Every structure is written in C-alpha cells, then in structure tokens.
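The structure appears below as structure tokens.
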Amino acid sequence: MSGLVHLLTIPFLLAMFLAINMGGSGTSPSFSAAYGANVIKRTLIPGLFGIMVLAGALLAGKQVNLTLGVGLLEQHFFTPFNTSIILLSIGLSLLAANLLGVPQSTSQSTVLSIAGAATALDGLNTHKLFVEIIPTWIILPIVSFAIMFALSKWLFPLFEGKAFSVDYPRLNQHRGLKTLLILSSMYVAFSIGANNVANAAAPIASLTANELGREALDHFLPIIILSVLVVAPCFAIGSSLLGHKVTRTTGKEIVAVNPFYATIIAILVASLLIFASVTKGIPTSLVQLNSAAFIALSITKNGVKETFRNRTVKRFFTVWAVAPAFAYVLTYVLIQAFK
C-alpha cells in the first residue's frame, strides 16, 4: 500500500495544484459581478463557490469525467508518469495564458493534453475527439453569440429604462435584481463543477483505477466520486487564496455591462455549459462561451469594426489557438521521448 501511495503522490499533488489554480480563475466568471456590485461579502465567496462547485461535480459531472477518464484514452495508459505529464502540460498552458492576461480554457488544454498522450501511445479515440468534442467547441460559442446578439439587438431595447438600465451604484435599490445576480453567480459555479472539476479529477481517477487493478477498472464510478471529493475542495482553496484579487466585472475589457446584462450572460453561458456536461459529457470552455456573449453584446453597442479592433479580443483568439496546441505538443513530445 505504501508503494501505491508513493506512486500516486506526485499526480495527486499536480491535480490538486491545478484545481487550486482553476478555482482562483473560476471565481472571476462566477462571482466577480456580484462582488464588484457589493451585493455579497468577499469572505462568503470561497465557501459558496466551493459548495456549488462540489454540488455541480457530484450531480452533473459524471459524463465529463468518463469522457476524460476513458473516452479519449483507455485507462491502462494512465500510468503515474503519463498522468503526471498530462497534468503538468495542462498546468503550464494555463500558466502561459495567465501570464498573458487571457482567461484560457482548461477544458480544451486538458482534452488536447490527453489527446497528445493518446497520439504518442497509439490509443487516441479519434471519433470522440473529432466527431463529438471539437464540433461542440465550435457550435456552442456560436450559439452563445447568437442568443446574446438576438437578445441585445431586438429584445432588450424594448425594455430600456427599467431593470436593464440599473447600474451598480443603484443596485441596492433593486432587491430582486440583487438576488438574481447572486443566484446566477452560484449557478455559474455549479456549471464549473459540472464541467471543469473533471479536468483534474478524471486523470487521477483513471490512474487510481489502473493502479488498483482489474476489479477497480470494472467499478470506476466510485473512484470518480472519491477523486472529485479530493479535487473539488481545492477549487474553494483556490478561490480563497487567489479569487479575492478579482475585483473587475467579467468582460469589462471587451464592453462595459450593467448588472442585468452580467446576470443574463451568466445564466446563458452556465446553461450551455451544463447542457454540454449532462448530454454527451463534452469538456467545454466557459471562458469562450462567456467571451462570445460579451463580443455579441459589444457588436450591438459598438459595432463590428470597433469590437474586433479591441486588443483584448485579438489576444483572446490568439491564445485560445496557441495554448491547447502547446499542451498537445508538450505532452506528445515528453511521452514520445520517454515511452
């Protein structure tokens, strides 16, 4: 048993470290609007965030864990070395994006890192990657953009002068909107749990099952649950340690939004993320769904040319293309070199 614990120590520590970083970054799309509006105390955010992430992972995260744990690469390939390389590559790609100041999809980096390992080991499930996952990455941001564009272009103008126009300083006068903003923040945290916890939990679940032997492979679900229970609390730790630095409203560098728009976007992207999680278990980018909605809002307010001249928008598209590719190449090269 001590030998098994020794083998699992490094991968588990890497998974927990990754979860802490995801928890810190995940606080932004979930609670930054509510925090910036002073409708919730900073000290309450890590607890609420952690509870909702854990609930989302346990109640709606099963399919995503199966996709990342067995769907792309068979379990027997999840050795301590391979799993450590996968988690390290994800972490480095996330670090590179953070240094550039661009929120990056950990889900895409995770998928491409596992795909890189699978390619090096001749075990890639190409149907899962190219027929199910990648088309979803293309379609859902388009859906997010289209819905927000339609709402902002044709529906919201019909209600100008009401809750749509309330700014943050006057939010305390609108109790219903305050409550809705807090609930939408919790809803986003739930969706993060449903989709993103698997990025760290699934590789170590497959590793643990692989190391325990055949019987464990046949009873994978309890191991997934135990892995989630180890990883999900690290999101709350990350929120507590890193999340307090988030003081600006999500999307501010793309377009300024009032509390109502922030709430609608939160509900929209969280719903799409949960849909991707519970239907086919597709790991999906919350930040890309979020940004697509903000870009749609910016176009209706500022126009197409002004929106795409925005340096933040240009930087987003560049890093979104480079970071997952970096995770794929790094994992492939390292495993190919040492296999």
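Quick notes on this one:
- A full extension of the chain between Leu59 and Ala150 corresponds to an added length of 29.6 nm, given 0.36 nm per residue minus the alpha carbon distance.
- Annotation for Ile142 and Phe317: the two label points, set 7 Å from Cα along the Cα-Cβ direction, are 1.6 nm apart.
- Given charges at Cβ of Lys, Arg, Asp, Glu: the chain dipole, positive-most of Ser84, Leu140, Ile10: Leu140
- In order through segment 220-225: 3J(HN,Hα) via Karplus (6.51 cos²θ - 1.76 cosθ + 1.60), integer Hz, x for Gly, Pro: 7, 4, x, 5, 4, 4
- A Cβ-based charge dipole, computed about the Cα centre of the chain with Lys and Arg at +1 and Asp and Glu at -1, lands at about 1240 debye.
- Estimated vicinal HN-Hα couplings, Hz - segment 299-309 in sequence order (Karplus 6.51, -1.76, 1.60; Gly, Pro = x): 4, 5, 9, 10, x, 5, 4, 5, 5, 7, 7
- Rounded to 10°, Cα long-axis angle of helix 175-196 versus longest principal axis of the chain: 20 degrees
- Against the chain, whose longest principal axis is taken from its Cα atoms, helix 311-338 shows a tilt of about 0°.
- The label-point distance for Thr9 and Arg309, in a model that sets each label 7 Å from Cα toward Cβ, rounds to 5.7 nm.
- Phi-derived couplings, Karplus 6.51 cos²θ - 1.76 cosθ + 1.60 at θ = phi - 60°, listed residue by residue for segment 126-132: 5, 5, 4, 6, 8, 9, 9 Hz, with x used for Gly and Pro.
- For the chain: Kirkwood Rh in Å [reciprocal of mean 1/r, alpha carbons]: 20.1 Å
- In the structure shown, the pairs Lys62/Lys314; Lys153/Lys280; Lys153/Lys305 are assessed against 26 Å; a Cα-Cα span above that value is assigned to Lys62/Lys314; Lys153/Lys280.
Here, each number is a calculation from the coordinates, and none is a lab measurement. None of these values were measured; they are calculated from a predicted model. Ideal geometry is used to build each Cβ from the backbone, glycine not excepted, and the neighbour counts take in all protein chains shown.
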